[in-house]
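Novice: The structure's right below; bear with me while I get my questions together.
The values are calculated or read from the model by the stated rules, or taken from the named source; none is laboratory data. Computed from a predicted structure; not experimentally measured. Here Cβ is always computed from backbone atoms with ideal geometry, including for glycine, and neighbour counts include all displayed protein chains.
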Amino acid sequence: MQKIENKLEELNNTKEEANLSNDFEFEGDTLDDDELLQSTEPSVTSVGTHHCIVTENQVGTRIDKYLSDQFSDQSRSYLQKLVKDGQVLVNDKAIKSNYKLRKDDVVTLTIPEPVSLDIKAEPIPLDILYEDEDILIINKPKDMVVHPSAGHLTGTLVNGILYHCKENLSGINGVLRPGIVHRIDKDTTGVLVVCKNDMAHAHISEQLKVHSITRKYNAIVYHNFTE
């Protein structure tokens, strides 16, 4: 908790010194469990078709790793899905995620229009452990899904934080996961950090990526152990 507060203090100082704005716009899909931003500076891959040419030092790199490096604002799992869906071509041909690049390969990536879903704010009780202008720290109960998905469009944590925070949530992870930096399973009780602006989101993502935030996991079991 102290590390988060210290980092956000640093974040606020950075914003004041540089006179930075939080008015960024983000398109595209979202990040999965423990898949985090590759940079503390937000970058955006727009909807549409993008072309890249493989250089000498990129030869032998798997296509999914290459795409993750080139389009760091998109999650690796999302990019792998685009490969599977035929939205990634190499020399105008569909490939698999384990394809290894060759010199002068022409990589074509198409980012489709995001699916538009009507995610409603709901007055869901939240166990808030800490809150300031940048972040919200919530103890998520078991049986609560973190973000909307097929079959879970209501009753999620996102529905609850939309009601609590109104429009004050980061947009890096798209319309389905506003403010969400990381997630835990439906059946797991645990603490989640929710970000209220894109700059806080980028900094918290970086801390999670480099493991400067400590995460502890407790398992409750019932049995006699031999060891």
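Novice: When you look at S170, is it in contact with a His (Cβ under 6 Å, 6 or more places away or on another chain) and either in a loop (DSSP other than H, G, I, E, B) or over 27 Å from D118 (Cα atoms) (or both), yes or no?
Specialist: For S170, the condition - in contact with a His (Cβ under 6 Å, 6 or more places away or on another chain) and either in a loop (DSSP other than H, G, I, E, B) or over 27 Å from D118 (Cα atoms) (or both) - is met.
Novice: Quick one: N224 ticks every box in (1) on the phi < 0 side of the Ramachandran plot; (2) surrounded by 15 or more Cβ atoms within 10 Å (Cβ to Cβ); (3) assigned to a loop (DSSP other than H, G, I, E, B) except a single one, so which number is it?
Specialist: All conditions are met except number (2).
Novice: Now for a separate question. For segment 206-217, name all the residues that are closer than 21 Å to V145 by Cβ and either more than 18 Å from the chain's Cα centre (by Cα) or without any contact (Cβ under 8 Å) to a residue 40 or more places away in the chain (or both).
Specialist: Selection gives R215, Y217.
Yes or no, residue by residue, for (1) surrounded by fewer than 17 Cβ atoms within 10 Å (Cβ to Cβ); (2) under 25 Å from H164 (Cα atoms):
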{"site": "K65", "(1), (2)": "yes, no"}
{"site": "K100", "(1), (2)": "yes, no"}
{"site": "V107", "(1), (2)": "no, no"}
{"site": "K140", "(1), (2)": "no, yes"}
{"site": "S149", "(1), (2)": "yes, yes"}
{"site": "T154", "(1), (2)": "yes, yes"}
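Novice: Sort out for me the strands (runs of 3 or more DSSP E) sitting completely within segment 102-157 that have 3 or more residues that are touching a residue at least 60 places away in the same chain (Cβ under 8 Å).
Specialist: 106-111, 135-140
Novice: Can you tell which of A219, A202 is farther than 17 Å from L157 by Cβ and touching an Asp or Glu at 6+ places or on another chain (Cβ under 9 Å)?
Specialist: A202
Novice: When you scan segment 191-205, do you find a residue that is under 16 Å from the mean Cα position of the chain (by Cα), surrounded by fewer than 22 Cβ atoms within 10 Å (Cβ to Cβ), without any contact (Cβ under 8 Å) to a residue 40 or more places away in the chain and within 25 Å of P148 (Cα to Cα), even just one?
Specialist: Within segment 191-205 (the criterion being under 16 Å from the mean Cα position of the chain (by Cα), surrounded by fewer than 22 Cβ atoms within 10 Å (Cβ to Cβ), without any contact (Cβ under 8 Å) to a residue 40 or more places away in the chain and within 25 Å of P148 (Cα to Cα)), the answer is no, since none of the residues qualifies.
Novice: Given the condition more than 29 Å from L153 (Cβ to Cβ) and over 22 Å from the mean Cα position of the chain (by Cα), answer yes or no: does some residue in segment 66-89 qualify?
Specialist: Taking every residue of segment 66-89 in turn, at least one turns out to be more than 29 Å from L153 (Cβ to Cβ) and over 22 Å from the mean Cα position of the chain (by Cα).
Novice: Modelled with pLDDT under 95 and among the charged types (D, E, K, R): does that describe K120?
Specialist: So K120 fits the description; yes.
Novice: Going by the conditions given, is I184 within 11 Å of the chain's Cα centre (by Cα) and assigned to a loop (DSSP other than H, G, I, E, B)?
Specialist: no
Novice: Taking the condition surrounded by 16 or more Cβ atoms within 10 Å (Cβ to Cβ), at pLDDT 90 or above and either out of contact with any His (no Cβ under 6 Å at 6 or more places or on another chain) or assigned by TED's automatic domain parsing to the domain that holds V181 (or both), does L79 pass?
Specialist: So L79 fails the test.
Novice: Just need a number here: residues in segment 187-207 that are touching a strand residue (DSSP E or B) at 6+ places or on another chain (Cβ under 7 Å), farther than 29 Å from A219 by Cβ and either in a loop (DSSP other than H, G, I, E, B) or among the aromatic types (F, W, Y) (or both).
Specialist: 1
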